[in-house]
Amino acid sequence: MPEMIATRDAYGKALLQLGRENPNIVVLDADLSNSTKTELFGKEFPNRFFNVGIAEQNLLATASGLAKEGKIAFASSFACFMSRGWEHARMTIALANRNVKVVTTHSGITVGEDGASAQMNEDIAIWRALPNMTVIVPADAVETEKAVRAAAALEGPVYIRLGRAKVPVVLDAGYDFQIGRAKVMREGTDVAIIACGLMVAHSLEAAKLLEERGISAAVINMATVKPLDVETLVQWAEKTGAIVTAEEHSIIGGLGGAVAESLAENLPTPMERVGVEDCFGESGTPDELLQKYGLTPVHVAEAAEEVLTRKTA
Amino acid sequence: MDAHYPPELIVDLQAKAKEFRREILKMITTAGSGHPGGSLSVIDILTALYFHVLRHDPKNPAWPDRDRLFLSKGHASAAIYVCLAYAGYFPKEWLASFRKLGSPLQGHTHLPLAGIEMEGGSLGQGLSVANGSALAARLDGKNHRIFCVMGDGEIDEGAVWEASMAAAHFKLDSVTAILDANTAQQTGYTKDVMNSEPKADKWKAFGWTVYEIDGHNFEQLLWALEPERVVTGKPTFIVARTMKGKGVSFMEGVIDFHGKALTQEELKRALEELA
């Protein structure tokens, strides 16, 4: 059984450690720090931590002001509420090209019982549309820690998307994470599953199910959705001739959208998208919702079998 | 208020502002578009800031200890560009390139033009950015001032009030916000579109020290902008009562000149009045 750790817990710890190493790190939150885990940083460095209350537009533009003056600003809230400040981010972070790291937690349907309002399935779509914005969806706690560090080291705007629930650890502690570089989690020859976030673990399970049915599936962890690792994508599209994308996000505009854009231009390949099918979520346990909204390993395996029927010789 | 400034200083500032009005109208007509009404209402405020109040160095726009000025009403770009050019941040020749393809003088203020501190054009964001800048200054032990100029239509935006609460909550006494209260926005007078009176009372209630002045009177502007006006632990808000299109008789109080350039004929008449 793999270890189960919430990516937001990994974030809280990584941010605290970064704060100890670098006095230029500042953190902002909008009254959710005990959920986003920025509170760990806040307790140790109260003079570098700014809770602006329930005011996400103010959160993002204030982060911009701090970054303007040489700070590395991390701004956190839930993915759904942070999107309220998207236009402030568009202007004061993306257009201004500021060193702000927008790190959201509680993305996707595994938010669970809070229901549709909290289950943000559209954030990858809107944040990757911003010029100058790097978008990272870590697969697990290990990758989260590395992504947070890499984001702090990168000069410019970054959006990192984390979840609420505990998720399986699928990467080794020694894994060399690079922004913009996909990781081949498993090789295969019949179909390549391009996944991000929680769906990397589900895709690895799906690959095992497919193996039992005599199908060899590769699994690619495309943690950086922008800039997409087009080279690796095209390489595996060429090797396998069939692509599945899998994300805890709408099938519109997220990883699936990004992959479809690149494939269509570079190497048109039969493709199937696994994700929330252009609908809102609802209250339920994370497992119930994953089942109902089609995000389990079984669903990924079904998508792989489906796309194989469209594969050309 | 007890304001004693040398008459030469006041006369000089008035003369500058008059010249700047000519330049603003010329550059907007040359460009064929822009926001003349709101540029004329704010130009006295900006003249007072750039030519008396601000500690700044036009030859060193990134001087870490400079006072910062955030033009949150970013559509008054013509006004700030003229001030910056005449202060020596960049050549006056650039003014004629306003809004043209490739010009550093973009339609709304755009980084990294020397002297510009924020991306303008989307209202309601500047005070938050100013607050962030002030928080950084405090962390770094600096004591320069931070100014933010807003419009009275702009304060319709909820984000302004988020920032207002935050400035008081965080005791940002380095922040002084100036409201160019020219009574008009794009589709009508503010009292008809979205009434925000009583303005001074609102900002007092939000925890600011508030002064209400005639935004076209330099003695009052200089007085309100003095560091002595700041109360420790509280940000400062100046309601500067102004008039859209101030300085040109056929523009004063006229809604239409919010976002419309003067024709050549209108420009000629305006320049005659501003001679």
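With respect to the conditions (1) away from chain A (no Cβ under 14 Å); (2) assigned to a loop (DSSP other than H, G, I, E, B); (3) closer than 21 Å to residue A:52 by Cα, residue B:172 falls short on a single one, namely (1). One residue alone among A:147, A:118, A:139 is in contact (Cβ under 8 Å) with a residue 40 or more places away in the chain, within 11 Å of the chain's Cα centre (by Cα) and farther than 14 Å from residue A:226 by Cβ, and that residue is A:139. Residue B:67 meets each of the listed conditions (1) touching a strand residue (DSSP E or B) at 6+ places or on another chain (Cβ under 8 Å); (2) under 23 Å from residue B:190 (Cβ atoms) apart from (2). Could you please let me know if residue B:133 is on the phi < 0 side of the Ramachandran plot and in a helix (DSSP H, G or I)? Against the criterion (on the phi < 0 side of the Ramachandran plot and in a helix (DSSP H, G or I)), residue B:133 qualifies. Selection within segment A:94-111: residues that are closer than 21 Å to residue A:167 by Cβ and assigned to a loop (DSSP other than H, G, I, E, B). The member of this set that is nearest to the other protein chains (Cβ to nearest Cβ) is A:106.
Beta carbons closer than 9 Å, at least 6 apart along the sequence or on distinct chains, pair a first residue in segment A:195-224 that is without any contact (Cβ under 8 Å) to a residue 40 or more places away in the chain and farther than 25 Å from residue A:7 by Cβ with a second that is in a helix (DSSP H, G or I) and not basic (Lys, Arg) for A:216/A:207; A:216/A:210; A:216/A:240. The sole residue among A:179, A:193 that is in a loop (DSSP other than H, G, I, E, B) and either more than 13 Å from the chain's Cα centre (by Cα) or not polar (S, T, N, Q) (or both) is A:179. The residue that is nearest to residue B:157 (Cα to Cα), counting only those in segment A:10-24 that are away from every other protein chain (no Cβ under 11 Å) and over 21 Å from the mean Cα position of the chain (by Cα), is A:19.
Are any residues in segment A:103-125 surrounded by fewer than 17 Cβ atoms within 10 Å (Cβ to Cβ) and aliphatic (A, V, I, L, M), and if so, which ones? Show your work before the answer.
To start, the set of residues in segment A:103-125 that are surrounded by fewer than 17 Cβ atoms within 10 Å (Cβ to Cβ) comprises A:113-117.
A:116, the sole residue that qualifies.
Report, by residue number, each residue of segment A:62-93 that is among the aliphatic types (A, V, I, L, M) and either assigned to a loop (DSSP other than H, G, I, E, B) or farther than 29 Å from residue A:165 by Cα (or both). Within segment A:62-93, A:66, A:67, A:91 qualify. Within segment A:66-93, residues that are more than 11 Å from every other protein chain (Cβ to nearest Cβ) have Cβ atoms under 7 Å from residues that are in a helix (DSSP H, G or I) and of a type in the set (Asp, Glu) in these pairs: A:77/A:56; A:79/A:123; A:81/A:56; A:82/A:56; A:83/A:123, counting only partners at least 6 apart in sequence or on another chain.
For segment A:1-38, the candidate set comprises residues that are closer than 15 Å to residue A:160 by Cα and of a type in the set (Ser, Thr, Tyr); within that set, the residue that is surrounded by the most Cβ atoms within 10 Å (Cβ to Cβ) is A:7.
Across segment A:34-59, which residue is farthest from the other protein chains (Cβ to nearest Cβ) among those that are part of a helix (DSSP H, G or I) and touching a strand residue (DSSP E or B) at 6+ places or on another chain (Cβ under 6 Å)?
The first filter runs over segment A:34-59 and keeps only residues part of a helix (DSSP H, G or I), leaving A:34-36, A:39-44, A:46-48, A:56-59.
Add one more test, that the residue is touching a strand residue (DSSP E or B) at 6+ places or on another chain (Cβ under 6 Å), and what stays is A:36, A:41-42, A:48, A:56, A:59.
Values: A:36: 19, A:41: 14, A:42: 14, A:48: 7, A:56: 9, A:59: 8 Å.
Per the stated criteria, the residue is A:36.
One residue stands out in segment B:138-165 among those that are β-branched (Val, Ile, Thr) and not in a strand (DSSP E or B): the one that is nearest to the other protein chains (Cβ to nearest Cβ), namely B:160.
Does residue A:101 fit the bill of being closer than 15 Å to residue A:36 by Cβ, of a type in the set (Lys, Arg) and either more than 13 Å from the chain's Cα centre (by Cα) or in the same structural domain as residue A:287 (by TED's automatic domain parsing) (or both)?
Answer is yes for this residue.
Out of curiosity, is residue A:28 assigned to a strand (DSSP E or B) and under 22 Å from the mean Cα position of the chain (by Cα)? Criteria met by residue A:28. Where helices (runs of 4 or more DSSP H) fall wholly inside segment B:184-259, the ranges with 3 or more residues that are under 29 Å from residue B:171 (Cβ atoms) are B:199-205, B:218-225.
The values are calculated or read from the model by the stated rules, or taken from the named source; none is laboratory data. Note that the coordinates shown come from a computational prediction; the quantities given were computed from them, not determined experimentally. Virtual Cβ from ideal backbone geometry, glycine too; neighbours counted across all protein chains shown.
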